[in-house]
Amino acid sequence: MDINSLAGLFNYWIVIVLMMTGFYIVIARGNLIKTVIGLNIFQISVFLLYITMGRVDQGTAPIIQEAAQADQAYSNPLSSVLILTAIVVGVATTALALALIVRIREDYGSIEEDEILILDRES
Amino acid sequence: MDMLELVDIFVLALLAATAVAVARVRNLWAAVMFTGIYSFLGAAWMLILDAPDVAFTEAAVGAGISTVLMLGTLALTSREEKPSKKSPVLPLIVVVVTGSTLIYGTLDMPRVGDPSAPVHTRMNPSYIEKSEHDMHGEMPNVVTSVLASYRGYDTLGETTVIFTAGIAVLLILRKPGKRKTELPNSAEQKGSHG
C-alpha cells in the first residue's frame, strides 16, 4: 500500500468521520429533536459517500455535450439518481419523525428521553 | 486542478467543523441552523464531485425544506436541550470502534476517481452511451433520463413513499377534539395546532 493509494482514500475517511459524528449525536443525546438532527447528519454523510464513489478522474457532470471529445469521461449517473431519490425520501422520513415528536410533546409535555421514560414508568 | 483540491479540502474541513459544532451546541435553534449549513456545504461538495443534480436537490430539499420543518417543530416544542445525565464514554467507544471498522473496510476499496472501479465498469457506460439515442437526442442530461425513464419505477416508488409519509404526518397531527379533555397536563401545552 503506497502513499498515493492511501491519499486516494482520504475522502472516504473524512466521510466516515462525518458519519460517526452523526452516529454519536444519535446515541449520546437524550433530546428527541437532537436525535433527528443526528440522523440527518448521518444521512447526508451517506449521500456524500455515494457521490464520492461516483466521481471519475478528469470527468465532468453526466451531461452529454456535442462539442466534447469522444473519450470525455463522465461521473457515474447511477449514484446521482439513487441519491436524488434518497434525499427526497429522507425528508419524508424526517417530517414523519418530527410529527411524532410534536405528538409526544403534546402527550408527555417533554421531548427528553429520560423524562418520558420516568413518566411511562409512573403510569 | 490543484486549486480544486484546495477547495475540496477546505469544504471538507468546514463540514467536519460544522458536524462537531452540531454535536456540542446545547441550543436547539443553533443546532438546526448548523444542520442547514451542513446540508449546504454538502451540496457545495457534491458540485465539486461533478454531481450538480444532486447538489441542487440537496440545497433545495435538504438545506431548505428540512430546516423549515425542524424550525416548525421547535416552535411547537422547546428550544433548549436539557443537560443529559448520560455519560458520553460508552457512545464514544461505540463510535470509535464502528469508525475504525469502517476505515479498515475502506482499505480494500478502489481509490477515489479510479475509472476502473467496479462502480464505473458495471452499467454506467451503457447509460452514458445509449442515453442520447434512446432519448431521441433531446435529453443531454443522463441523470434525468435514468431517473425518469430507465429507473422510472424507482421514482414512482419514491412518490409513493412521500405520499404515505404525508398521510401519516396528517394522521399523527390530527386533533379529534375529545382527546383534549382526557389530557391531565393540557396546561403545559402551548400553540399545539398541528
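The values are calculated or read from the model by the stated rules, or taken from the named source; none is laboratory data. Computed from a predicted model, the values in this text were never measured in an experiment. Ideal geometry is used to build each Cβ from the backbone, glycine not excepted, and the neighbour counts take in all protein chains shown. Note: areas computed on protein heavy atoms with side chains; ligands, DNA, RNA excluded. Shrake-Rupley method; radii C 1.70, N 1.55, O 1.52, S 1.80 Å.
Conditions (1) surrounded by 20 or more Cβ atoms within 10 Å (Cβ to Cβ); (2) facing chain B (nearest Cβ under 7 Å); (3) not in a helix (DSSP H, G or I), marked per residue:
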| site | (1), (2), (3) |
| --- | --- |
| A:Q58 | no, no, yes |
| A:A86 | no, no, no |
| A:G90 | yes, no, no |
| A:T94 | yes, yes, no |
| A:L98 | yes, yes, no |
| A:I116 | no, no, no |
| A:L119 | no, no, no |
I'd like the residue in the stretch A:100-113 that is at the interface with chain B (Cβ under 7 Å from one of its Cβ atoms) and touching a residue at least 40 places away in the same chain (Cβ under 8 Å) and, out of all such residues, is surrounded by the fewest Cβ atoms within 10 Å (Cβ to Cβ). A:E112
Residue in the stretch B:70-78 that is closer than 30 Å to B:L173 by Cα, at the interface with chain A (Cβ under 7 Å from one of its Cβ atoms) and in contact (Cβ under 8 Å) with a residue 60 or more places away in the chain present: yes
Considering the stretch B:2-12, residues that are hydrophobic (A, V, I, L, M, F, W, C) and more than 9 Å from chain A (Cβ to nearest Cβ), and then whichever is least open to solvent (accessible area, probe 1.4 Å), we arrive at B:V11
Single condition B:L107 does not satisfy, out of (1) of a type in the set (A, V, I, L, M, F, W, C); (2) out of contact with any Asp or Glu (no Cβ under 6 Å at 6 or more places or on another chain); (3) in the same structural domain as B:A31 (by TED's automatic domain parsing): (3)
Of B:I65, B:I93, B:I48, B:I103, the only residue that is within 20 Å of A:L18 (Cβ to Cβ) and open to solvent by 80 Å² or more (accessible area, probe 1.4 Å) is B:I93
Does A:V26 fit the bill of being more than 7 Å from chain B (Cβ to nearest Cβ), open to solvent by less than 20 Å² (accessible area, probe 1.4 Å) and either part of a helix (DSSP H, G or I) or over 29 Å from B:A23 (Cβ atoms) (or both)? no
Whether any residue in the stretch A:30-38 is surrounded by fewer than 19 Cβ atoms within 10 Å (Cβ to Cβ), outside any helix (DSSP H, G or I) and in contact with a strand residue (DSSP E or B) (Cβ under 8 Å, 6 or more places away or on another chain) is what I want to check. no
Condition first: surrounded by fewer than 17 Cβ atoms within 10 Å (Cβ to Cβ) and of a type in the set (D, E). Now tell me which residues in the stretch B:68-87 satisfy that. B:E80
Consider A:E66 against the criteria (1) in contact with a Ser or Thr (Cβ under 9 Å, 6 or more places away or on another chain); (2) over 27 Å from B:G36 (Cα atoms): it satisfies all of them except one. Which criterion is unmet? (1)
